1. So which residues in segment A:29-58 are within 14 Å of chain B (Cβ to nearest Cβ), assigned to a loop (DSSP other than H, G, I, E, B) and within 17 Å of A:Phe158 (Cα to Cα), if there are any at all?
2. Within segment A:59-104, how many residues turn out to be more than 10 Å from every other protein chain (Cβ to nearest Cβ) and surrounded by fewer than 16 Cβ atoms within 10 Å (Cβ to Cβ)?
3. Hey, any hits in segment A:117-133 for a residue that's within 17 Å of B:Trp202 (Cα to Cα), of a type outside the set (A, V, I, L, M) and out of contact with any Asp or Glu (no Cβ under 9 Å at 6 or more places or on another chain)?
4. State whether the residues of segment B:88-109 include one that is assigned to a helix (DSSP H, G or I) and more than 30 Å from A:Asn14 (Cα to Cα).
5. If you check B:Lys147, B:Lys137, which single one turns out to be among the basic types (Lys, Arg) and farther than 24 Å from B:Ile168 by Cβ?
6. Among the residues of segment A:127-149, which ones are more than 27 Å from the chain's Cα centre (by Cα) and not hydroxyl-bearing (Ser, Thr, Tyr)?
7. Residues to consider are B:Gly255, B:Gly230, B:Gly197; find the one that is within 14 Å of chain A (Cβ to nearest Cβ) and modelled with pLDDT under 90.
8. Name, by its number, the condition in (1) more than 20 Å from B:Arg71 (Cα to Cα); (2) out of contact with any strand residue (DSSP E or B) (no Cβ under 6 Å at 6 or more places or on another chain); (3) away from chain A (no Cβ under 14 Å); (4) modelled with pLDDT of 85 or more that does not hold for B:Ala213.
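The values are calculated or read from the model by the stated rules, or taken from the named source; none is laboratory data. For clarity, every value in this text was computed on a predicted model and none was experimentally measured. When we count neighbours, we look across all protein chains shown, and the Cβ atoms used for this are built from the backbone with ideal geometry, even at glycine.
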Amino acid sequence: MASIGIKDVSKIYNGGVTAVSSVSIDIADGEFIVLVGPSGCGKSTLLRMVAGLEAISEGSVTIGDRVVNEVDPADRDIAMVFQNYALYPHMSVYENLAYGLKNRRTPKAEIDARVAEAARMLELQPYLERKPRALSGGQRQRVAMGRAIVRKPSAFLFDEPLSNLDAKLRVSMRGEIKRLQRRVGTTSIYVTHDQLEAMTLADRLVVLSGGKIEQIGRPLDVYHRPATTFVASFIGSPAMNLVTGELHGSKLALGPALIDLGATVPTQGAVTVGLRAEDLHIHDGTKGDLPFRIDYVEELGSQRLVHGVVGDQPLVAAIPSEIPLPETASLSIATAKLHFFDSKSGQRIDWVGEGAIAASIPAMEVAAS
Amino acid sequence: MKRVQFSSPYLPYLFIAPQMAIIFVFFYWPSVQAIQSSFYLEDPFGFGSTFVGLSNYSDALGSVQYQSIARFTLLFTVLVTFLSLGIGMLLAVKADAVLKGSSTYKTLLIWVYAIAPPVAGLMGMMFFDQHIGPLVKLAAFFGWDMKVGLNYNDTAIAMIIVSVWKQIPYNFIFILSGLQGIPVSIREAAAIDCRSGMRRFWTMTLPLLAPTAFFLLIINMTYSLFDTFGVIDVMVKDKAANNPITLVYKVYMDGFRGNDLGGSSAQSVILMIVVFVLTIFQFRFIERRVHYN
C-alpha cells in the first residue's frame, strides 16, 4: 500500500503529438481514483505511464516514496487489470493467479494460501483447474482481478476493465470492484470513459480532456460544481444543458425570458448558462417561466426526458413520468441551481446565489416575446 | 461447424476433383508403382523384370553403406531442423523487438527464401570454393584447411550450413507472424508479472508459439529429408565418391545413376514408411501438448 504522486507528467510521441500534457495528481494511500474522459483524452496513456508500459516523456511518477520513472514494470509493485483481461491462455486459472508470485520466488505454501484466499473472495474455487477459454466473460474478469489481488501490490491499475461485459454484469462487477477495493484497501487508479462508472466507483474523479486535467474532485462536487463546460457536459446523464444567455446586472436574459437572479454574477454580457435536466420543472401553459416547445419525449420508465427548445436553443428536461405532459409547456428552475461559465474559455464563474437552494421556486418574470 | 448445402450431392466431389487428380497422379500412382517395382529386379536396359520378393529390402537394409548413409541422414536432419528453427526463432524474436527500420531488417532476412534450392546450393558452393570461397578463407584464418567436396566432414559441415541458411527465412516469416499474433496485452501483463525477459520467453512466448513451432517442426523435418536434394546435388555431383549424402540422394543415385530401379524403389518405400511413422508420432505425442487458441 502506498500513495502515488504524479507530477507534471507529459507524454509526447515521436511525431510531436502530445497525448498527456503536464498532469499532476496526488493520490492518497488507499484512495480510489477514477480517470474519466472521452476516448483519446490520454487517460489510458497516463495509466500506462504509471504502470511502466509507456515511457514518461516529462515529469515524474512516485509510488510510495520511490520515483519509478526508470523502474521496470515488474518492479513497480503494481498490478494491472486489462480491458480484454489478458489472461494467459495456456495456463489454468490457478497458474494464471500464481504466475506473478512464482516469478517473485514466493514460497509454494504462501502461493497456495494466497490463491485460495483470492479464489474464495472472487468465488473462483470451482474453476481453478480450468483454462480461461472455458470461462464466461464475468469469470474471466474475476480471474483478472484475482491475478491483481494475489500479488498484494501497492496499487491496482484498472484499464477499462468492465467495457467488454454486458450491461447487467457491468453493474454487478462494478459493485464487486468497489467492495473488494474497500476490503483490501489498496490504492487504485481506474480508467473509464463511462461517467456513471466513474461517479459510482470514485473517491475522487479526475476528468481529462485533450491530455489535460479539467477537474479533480469528489464525484458529487464535480457533479454539483463542474469546473468547465466540458465537465458539465461530460458528467451526469443526461448531459447538462448548456445555453447562451446574457447578464444585465442581476438579471439573466435567456431566450425570451428574463430571470431575476437576486444577486449579481461577477461578469456581464454574454455567458454560458448550465441547467441540469433534473433541476428543470415543467408547467402547464405559461405558468412556468421559460416558454418551452416540446420536440420529442424519451420514456425511461422512472422518468421521461423531454427534448424541446427554449427560444432557439435545444434543452432537455428530466421529469417524473407520472406528471402529464401539457400541450403548451413552460419550464422553471431554482436560480440557485443555475451554473455560469465564461462564454469564451468555458471556465466556471462562481457567484453568491449558487448553492443557496431555495425551498420554493422563486417567481420569475416572463419577458414579452 | 457451418454446414454448406449443395444443390447436387456430387458437386463437392467435383470441386475437390482437380486436387485429388493431382494427388493421385503425382503421389498415389507413383507410390503404388514404387511399391510394386520394389519387389522386382528390373533389367537395366528394360528387357523385363524378375520377381525377387523382399530381397531388395534386405539388400538395402543389410548394406553397410546404406546404414552409414542412414546415420548421416539422421544427424543431418536433426541438425538442420533444430539449427534452422532455433536461429530462425532467435532472429524473429529480435526482429520483433526492433522498432526502427524493422521492415528493412525483415525484408533482408526474408530475401534468401526467394532463392531456388539449386541456386542456393551453387551459392553455397561459391561460399565454400577452394579458391574464392570467403568461408574457406575464414576457416583458413583459424588454421582450418577446409576441403569441401573432398573431405567427408568438411563437406558435411558445408552442406548443413547451406541447408540451414536456406531454411532460416522460412522459419523466420512464420515465427515472426506467430509472435505478432500474441496479443499485446498478454505481453504487457507478463511484463508486469515477470521481470526476466528470458523467463517470459520460456513461460509465455514459447507456449503461445507452440502451434506455429509444431507446424514448422514437421515442415523442417520434411525439408531436411527431401528438399535438401538440390543443395546436396550441387555440392557432391561430379565429386570424388566419399562424400556425405542423404537417403533421398541415395535413392536417386541408385535408381538413375546405378539403374537399379528395384533397389531404389525399395529405398523409397522405406523412406515413405519412416516419414509415415514420424508424422504419426508427431501428431500423437507432440501435438497433444500444443495449445491452440
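1. So the first thing to find is which residues in segment A:29-58 are within 14 Å of chain B (Cβ to nearest Cβ), and the list is A:44-45, A:47-55.
Still in the list and also assigned to a loop (DSSP other than H, G, I, E, B): A:52-55.
If the condition is that a residue be within 14 Å of chain B (Cβ to nearest Cβ), assigned to a loop (DSSP other than H, G, I, E, B) and within 17 Å of A:Phe158 (Cα to Cα), then A:Gly52, A:Leu53, A:Glu54 are the ones that fit.
2. Residues in segment A:59-104 being more than 10 Å from every other protein chain (Cβ to nearest Cβ) and surrounded by fewer than 16 Cβ atoms within 10 Å (Cβ to Cβ): 7 in total.
3. Taking segment A:117-133 and keeping what is within 17 Å of B:Trp202 (Cα to Cα), we get none.
No, there is no match, as no residue in segment A:117-133 is within 17 Å of B:Trp202 (Cα to Cα), of a type outside the set (A, V, I, L, M) and out of contact with any Asp or Glu (no Cβ under 9 Å at 6 or more places or on another chain).
4. Going through segment B:88-109, the residues assigned to a helix (DSSP H, G or I) turn out to be B:88-97, B:102-109.
Those still in the list that are more than 30 Å from A:Asn14 (Cα to Cα) too: B:88.
Scanning segment B:88-109, I find at least one residue that is assigned to a helix (DSSP H, G or I) and more than 30 Å from A:Asn14 (Cα to Cα), so the answer is yes.
5. Numbers: B:Lys137 fails: farther than 24 Å from B:Ile168 by Cβ.
Being among the basic types (Lys, Arg) and farther than 24 Å from B:Ile168 by Cβ holds for just one of B:Lys147, B:Lys137, which is B:Lys147.
6. Passing the criteria: A:Leu128, A:Glu129, A:Arg130, A:Lys131, A:Pro132, A:Arg133, A:Ala134, A:Leu135.
7. Residue meeting the stated conditions: B:Gly197.
8. Going through (1) more than 20 Å from B:Arg71 (Cα to Cα); (2) out of contact with any strand residue (DSSP E or B) (no Cβ under 6 Å at 6 or more places or on another chain); (3) away from chain A (no Cβ under 14 Å); (4) modelled with pLDDT of 85 or more one by one, B:Ala213 breaks only (3).
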